[in-house]
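Working notes, structure below.
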2 protein chains.
Amino acid sequence: MSANDNTVNIRSNKGGYHHGDLRSALIETGLKLLEQGSAETLSLREIAREIGVSATSIYRHFPDKDALLAALAAEGMAKLAREQKAAAKGKDGKEAFAEMGRAYVRFAVRNPALFRLIYTSLPSAADPNCVNQEESPGWLLRQSIAGLAGEKATAAQKRAALLRAWSLVHGLSMLILSGQIAGTDADKLIDEVVSVDSLKLR
Amino acid sequence: MSANDNTVNIRSNKGGYHHGDLRSALIETGLKLLEQGSAETLSLREIAREIGVSATSIYRHFPDKDALLAALAAEGMAKLAREQKAAAKGKDGKEAFAEMGRAYVRFAVRNPALFRLIYTSLPSAADPNCVNQEESPGWLLRQSIAGLAGEKATAAQKRAALLRAWSLVHGLSMLILSGQIAGTDADKLIDEVVSVDSLKLR
């Protein structure tokens, strides 16, 4: 899957951008520059320079850097969800669930700055005004666990099973990103650690 | 267990510090101030002010902030190891292993800034000059897994089992610290998620 899917980048004749296209181009370029550095070093001016527009035209879409980072995080979450769904496609039950978990870790390994940004930007689960919690990275896992845990599973059992699966893939991601696991091909490692029979679903 | 164990804080008669005592006092105060803020906001001047010594006398022990942070991270790792060992004491096999994992998450929840600092300061596993890797937070888990996995377990199986256990506790820690899990008593949650029968040891 390309890093550019679902983004549009069409310059108009005179080198300017149509309104919606500029927003997409800003996000696309923002994602690219994010991975070359970090959320801390990313700047609106750098993005403007990269795509050849004035800083003023950026501010129409993103009044400040936080607004841009929020948009990048949202695009990152959508991209993660797309990749998890694509990985699970055509698989059943536990195998589909394991594939979603593996896709989560692969996403983190391939987009480290974006992965970190998502978790910096995510609203707290304790925030009662949070309407987007269902789009959080754990959401797909949560959706799947209910069916897998079986009808007799209690709410507490399902919750523990979800948190175990989410913790496993999140922890593996963070350990890889912080350089704690060396000397192994990441994809092979992910397949071994996030194995179907390592999932405790109840 | 107190936050102050294994640190010494003895003022000499005139309000000054003996050499070794000042170092201990700096670390102890550094740990306290770290948890009131973060590694980013911590300053050597603030620590000097807090314990009433000149900035100059601090520089004799820690030439710069990075040197202090490295000492705090080392103390943090030692403290984590002590708490893991204490939690496992008197337990056997899988139960001891689960208790060490739970102690890891409790440590993260109770010392969030220190826990993050440890992982910022840890040398990469890929660094061939790294002699301290065996003191890393995964070390105790690694030590224990060999016996638990059984004689017939291959090196790859032991490695996957270690990474599963470490990922589980590290991921749960990070999800709690980033505010993704709400509405439950942390200790109860940790006991449920890091359960003995959720450990896949081979």
**Request:** Would you check if B:Gln180 is modelled with pLDDT of 80 or more and not in a helix (DSSP H, G or I)?
**Result:** yes
**Fill in**
Residue count, region B:37-57, condition over 18 Å from B:Thr120 (Cβ atoms) and not aliphatic (A, V, I, L, M), comes to 8
**Asked** Which residue pairs have Cβ atoms under 6 Å apart, sit 6 or more places apart or on different chains, and have a first residue in region A:44-71 that is within 16 Å of A:Leu34 (Cα to Cα) and a second that is in a helix (DSSP H, G or I) and among the basic types (Lys, Arg)?
**Response** A:Leu44/A:Lys65
**Request:** Would you please list the contacts, defined by Cβ atoms under 6 Å and residues six or more apart or on different chains, that run from a residue in region A:101-118 that is farther than 18 Å from A:Ser136 by Cβ to a residue that is of a type in the set (Asp, Glu)?
**Result:** A:Ala113/A:Glu35
**Item:** Search result, residues across region B:43-82 that are among the aromatic types (Phe, Trp, Tyr) and part of a helix (DSSP H, G or I)
**Value:** B:Tyr59
**Asked** In region B:141-157, which residue that is among the small types (Gly, Ala, Ser) and surrounded by 11 or more Cβ atoms within 10 Å (Cβ to Cβ) is modelled with the lowest pLDDT?
**Response** B:Ala146
**Those residues of region B:170-196 which are more than 7 Å from every other protein chain (Cβ to nearest Cβ) and either of a type in the set (Lys, Arg) or touching a residue at least 40 places away in the same chain (Cβ under 8 Å) (or both), in sequence order** = B:Ser173, B:Ile176, B:Leu177, B:Ala186, B:Asp187, B:Lys188, B:Ile190, B:Asp191, B:Val194, B:Ser195, B:Val196
**Request:** Return the pairs, sorted by first residue and then second, in which the second residue is crowded, with 21+ Cβ neighbours inside 10 Å and among the aromatic types (Phe, Trp, Tyr), the first residue lies in region A:154-168 and is under 23 Å from A:Ala108 (Cβ atoms), the beta carbons are less than 9 Å apart, and the residues are 6+ apart or on different chains.
**Result:** A:Ala165/A:Phe97; A:Trp166/A:Tyr104
**Item:** Condition broken by B:Gly138, with the remaining ones in (1) at pLDDT 80 or above; (2) crowded, with 17+ Cβ neighbours inside 10 Å satisfied
**Value:** (1)
**Fill in**
Over region A:148-169, the set of residues more than 7 Å from every other protein chain (Cβ to nearest Cβ), of a type in the set (D, E, K, R) and touching a helix residue (DSSP H, G or I) at 6+ places or on another chain (Cβ under 7 Å) is A:Lys158
**Request:** Look at A:Glu192 and say whether it is surrounded by fewer than 21 Cβ atoms within 10 Å (Cβ to Cβ), at pLDDT below 80 and out of contact with any Cys (no Cβ under 7 Å at 6 or more places or on another chain).
**Result:** no
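The values are calculated or read from the model by the stated rules, or taken from the named source; none is laboratory data. Remember, predicted model here, so these are calculated numbers, not experimental data. For neighbour counting, all protein chains shown are included, and Cβ atoms are generated from backbone atoms with ideal geometry for every residue, glycine included.
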